[in-house]
Amino acid sequence: MTKIARYAKASLELLHAMIYFAPEAEDRFTKLGLKPGRMSYYAGRSAAMGPVGAGVVAATFYNFNPVSVAKSIPAAWDIVSPAEVLDARLDAVDAAYHRLLGDEVLASEDVVECAELARIASEACLPDGKPLYAAHADLDWPETPHLKLWHAITLLREFRGDGHIAALQQAGISGIQSLVLHSTTRGGFTPEAARTLREWSEQEWAEAGEQLRERGLIDADGELTEEGKQFRESIELRTDEMALAPWQHLGEERTAILVEKGGKLSKALVEAGALPAGLFK
């Protein structure tokens, strides 16, 4: 049963994550006065928590260099309020969805059904020890079906993500080490993209890799060893277990419908160019 939690993530996550690559987001944020790039990203994703400091953002994002975060947070909140950022973010989602999926798809019964099923699934997410999820769960629900869908998938995504951080910590894996492990996996960021996007230096990246080699998790070429594969799978399995409640609540039949129809929407996003080339292995 735990496999459905991972399968649902793979099928649905892009419905949320497309906003991190959509030019509409940076357009809205920079019009508010935020700097393009990392400041817009950090403010956009953390705004649900309020005007928090760099430490909170680095802790909840986990694999970003805290030095990088501190360049933008809390300075962003001197420029614009979190409430304004949240409004701009939702407006960007609306514009990006219309561009990538089109009016006809967004007005379809499939989107309405996926939005309601994802909302029902999110009812089973509890905030205990889940700071990013809890912050987003406190926000008002959008009324428009495709924005309701995006918000629901956001809740499910951050709920799983908070649990994943707990699993990494239990396994003794730091933020940068988790990023190095992620970049060894098919479908993950390429090592160069991961290091650059999260603003780690080459030396910091090399040190994290050496620490993982000392644990026998990666080899001299930076690839997962057999022990490393088993170790990574154990972390993913623990994450699946902690992310299972929404899918148990939704039930097998309705989960299958959401995964199938939501997966088709994700595929359409990929085909429309929602993901930039060269970032992923």
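Listing for the model above:
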read-out: Dipole magnitude of the stretch 215-281 about its Cα centre (Cβ charges: Lys, Arg +1; Asp, Glu -1), debye to nearest 20; value: 360 debye
read-out: Proximal charge balance of K71 [Cβ under 12 Å; K/R count +1, D/E count -1]; value: +1
read-out: Accessible surface of the chain [probe 1.4 Å, protein heavy atoms]: carbon and sulfur percent; value: 53 percent
read-out: Among A171, L147, V270 - extreme Cα towards positive end, dipole of the stretch 142-281, charges at beta-carbon; value: L147
read-out: When the chain is reduced to its Cα atoms, the Kirkwood hydrodynamic radius in Å; value: 19.4 Å
read-out: Cα lying deepest toward the dipole's positive end in the stretch 1-118, options A8, A59, A88, charges on Cβ; value: A59
read-out: The stretch 137-281: radius of gyration and largest Cα-Cα distance (Dmax), Å; value: 17.6, 52
read-out: Most mobile of S108, S11, S174 in a GNM of the chain (Cα contacts under 10 Å); value: S108
read-out: Among A208, G228, L244 - extreme Cα towards positive end, dipole of the stretch 202-251, charges at beta-carbon; value: L244
read-out: Over the stretch 67-170: Kirkwood hydrodynamic radius from C-alpha pairwise inverse distances, Å; value: 15.4 Å
read-out: Label zone at A107, where the point sits 7 Å out along the Cα-to-Cβ direction: the stretch 139-157 residues whose backbone N lies under 15 Å; value: 145-146
read-out: Among A88, A193, A48, residue whose mean-square fluctuation peaks in a GNM of the chain (springs only between Cα atoms under 10 Å); value: A193
read-out: K71 accessible area, assembled protein chains, probe 1.4 Å, Å²; value: 130 Å²
read-out: Q230-E252 FRET efficiency (beta carbon distance; Förster radius 35 Å; 0.05 resolution); value: 0.80
read-out: Relative contact order [Cα under 8 Å, 6+ residues apart], the chain, whole percent; value: 28 percent
read-out: Accessible area per residue in Å² at 1.4 Å probe, computed on the chain; value: 46 Å²
read-out: Area projected by the alpha carbon convex hull of the stretch 193-259, averaged over all directions, nm²; value: 6.7 nm²
read-out: Assigned charges on the beta-carbon of Lys, Arg, Asp, Glu; the stretch 68-217 dipole about Cα centre (debye); value: 680 debye
read-out: Lysine pairs within the chain, Cα separation less than 15 Å, 8 or more sequence positions apart or different chains; value: 4
read-out: Computed magnitude of the charge dipole of the stretch 1-159 (debye, nearest 20; Cβ of K, R +1, Cβ of D, E -1); value: 860 debye
read-out: Added length on full extension, which subtracts the Cα-Cα distance from 0.36 nm per residue, D219 to T196; value: 6.1 nm
read-out: Whether the stretch 9-54 is rounded, prolate or oblate, judged on the alpha carbon gyration tensor where a/c under 1.5 counts as rounded; value: oblate
read-out: For the chain, built as a Gaussian network whose Cα springs stay under 10 Å, the top-fluctuating residue of R215, R99, R119; value: R215
read-out: In nm, spacing of pseudo-spin labels at L275 and T2 (7 Å Cα→C-beta vector); value: 2.5 nm
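The values are calculated or read from the model by the stated rules, or taken from the named source; none is laboratory data. Predicted model only: the values in this text are computed from it and were never measured. As a convention, Cβ positions derive from the backbone with ideal geometry for all residues, glycine included, and neighbour counts pool all protein chains shown. Surface areas here come from the heavy atoms of the whole protein model, side chains and all, with no ligands, DNA or RNA. Shrake-Rupley method; radii C 1.70, N 1.55, O 1.52, S 1.80 Å.
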